[in-house]
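Right, one structure below, let's go through it.
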Amino acid sequence: MISDEQVRRAVDYLRTSDAYVQPARRMTDPRAIELVDRVVEALRELPDVRDDRVEHARLLVGDALPSSAELATKLIGRVVSDAIR
């Protein structure tokens, strides 16, 4: 699990480092665009919440689930940290 300190360091690095430059790319290949469109459409058809996964998670941790704010903070922190790898 990523700590708040690790997230803070990753954010500081992304703000100040000239070494981290992510080039912007534009898709021009029609096959790639079609694939992305199909993936996006398939994702739109998925339910926002999978009740079976929620129930499984509850069984694993009991009823003490983290708050949505805690969960969002950790997820965003992980994404930021992974961005500098």
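Here, each number is a calculation from the coordinates, and none is a lab measurement. Worth saying up front: this structure is predicted, and the values here are computed from it rather than measured. All Cβ positions, glycine included, derive from the backbone under ideal geometry; neighbour counts span all protein chains shown.
Listing for the model above:
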{"item": "Net charge contributed by nearby residues that have their C-beta within less than 14 Å of Val39 (K/R +1, D/E -1)", "result": "-1"}
{"item": "Distance histogram for the chain (every C-alpha pair counted, 10 angstrom bins, percent rounded to whole numbers)", "result": "13, 25, 31, 26, 5"}
{"item": "Relative contact order, percent, the chain [alpha-carbon distance under 8 Å, six or more residues apart]", "result": "69"}
